[in-house]
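See structure below.
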Amino acid sequence: MLKRSLTAAFLLFVGGANLASAADDRQFRLSVPDVLAESGLMKYMLPRFTLKTQVRVELVSPGDAAEVALGDNGTPVFTGMGQTWSIDVLVPEHMGASRFATWISDTTGQSAITGFKIDGSQPFSLPVEEEEIAEDEFYEGDKLRGQQVSRVHCGRCHVTARGDEGLGIGSTPSFFALRSFDDWDVRFSSFYVLKPHGAFTQIEDVTEPFPEDLPSPIAPLELTLDDIDAILAYVASIEPAALGAPLTGQ
């Protein structure tokens, strides 16, 4: 009899724990700054979430115990009032909190955000995802070709690649140092008019031939615009030298 009573008590305890857990999953606390709470967005949005999921939301102030927070940290979900608002699930194992994070990021939650209006205007909008573009992707040249052209032609004076530190002239900056200039792309795209390059560089269909009485003092560099595009693409892909203070001068 005692064993049966203990078993019944255990089952009652487990059942009660499960009911309490289920109840907890149907309610959570959402931390929201006062300025956002006073905007009216939460009063418009949260009843729609509860109607769809049967999960109730209690608003609390920052610093109070909460399962979810809207603020500066986490995943951006909407913008408005001069900032981007992010959701941070503080208790990931809470099913109700996780459902809210999913809901606010899907089409239903997003529609609730953009559907909220004040005097006909829409104060909140969805965040715009900015696609990160690597700097070298701005240049359409063939960077492998650019590396080869740089080594053959520019390597006379400059170190153009890692492992070639023994080449070039010690008094001329490496490509890695030149890449540290804020206007490096302007310098590389117009190097043939900068001293001393103009005296020995010919760009097909761009530069005038050397005067007969002023030939190139060294074997001339003969390049095309495609070569320059390739060099730009290559230099864009290399890591600038860490030189501390910005470089100045020509």
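The values are calculated or read from the model by the stated rules, or taken from the named source; none is laboratory data. As the structure is a computational prediction, the values presented were derived from the model and not from experiment. Please note: Cβ atoms are built from the backbone with ideal geometry, for glycine as well, and neighbour counts cover all protein chains shown.
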Note to self: Between 86, 171, which is hydroxyl-bearing (Ser, Thr, Tyr) and either over 30 Å from residue 203 (Cβ atoms) or surrounded by 12 or more Cβ atoms within 10 Å (Cβ to Cβ) (or both)?
What the structure shows: 86
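A quick yes/no check of all residues on (1) assigned to a helix (DSSP H, G or I); (2) modelled with pLDDT of 90 or more:
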position: 112; (1), (2): yes, yes
position: 129; (1), (2): no, no
position: 132; (1), (2): no, no
position: 136; (1), (2): yes, no
position: 140; (1), (2): no, no
position: 158; (1), (2): no, yes
position: 163; (1), (2): no, no
position: 172; (1), (2): no, no
position: 206; (1), (2): no, no
Note to self: Whether any residue in the stretch 221-231 is at pLDDT below 85 and in the same structural domain as residue 146 (by TED's automatic domain parsing) is what I want to check.
What the structure shows: no
Next item on the list: Scan the stretch 19-45 residue by residue and report those that are over 30 Å from the mean Cα position of the chain (by Cα), in a helix (DSSP H, G or I) and either basic (Lys, Arg) or surrounded by 13 or more Cβ atoms within 10 Å (Cβ to Cβ) (or both).
Entry: 24, 25, 43, 44
Margin query: Within the stretch 189-196, does at least one residue satisfy the condition of being touching a Lys or Arg at 6+ places or on another chain (Cβ under 8 Å) and either among the aliphatic types (A, V, I, L, M) or at pLDDT 85 or above (or both)?
Written below: yes
Notebook entry, point to check: Could you count how many residues in the stretch 203-217 are in contact with a helix residue (DSSP H, G or I) (Cβ under 8 Å, 6 or more places away or on another chain) and surrounded by 11 or more Cβ atoms within 10 Å (Cβ to Cβ)?
Noted result: 5
Item checked: Complete set of residues in the stretch 67-78 that are hydrophobic (A, V, I, L, M, F, W, C) and either more than 17 Å from residue 41 (Cβ to Cβ) or touching a helix residue (DSSP H, G or I) at 6+ places or on another chain (Cβ under 6 Å) (or both) -> 68, 77, 78
Check: When you go through (1) surrounded by fewer than 16 Cβ atoms within 10 Å (Cβ to Cβ); (2) in contact (Cβ under 8 Å) with a residue 12 or more places away in the chain; (3) more than 28 Å from the chain's Cα centre (by Cα) one by one for residue 166, which number turns out not to apply?
Finding: (2)
Check: Applying the selection to the stretch 192-204, what residues are assigned to a loop (DSSP other than H, G, I, E, B) and in contact (Cβ under 8 Å) with a residue 12 or more places away in the chain?
Finding: 194, 195, 200, 204
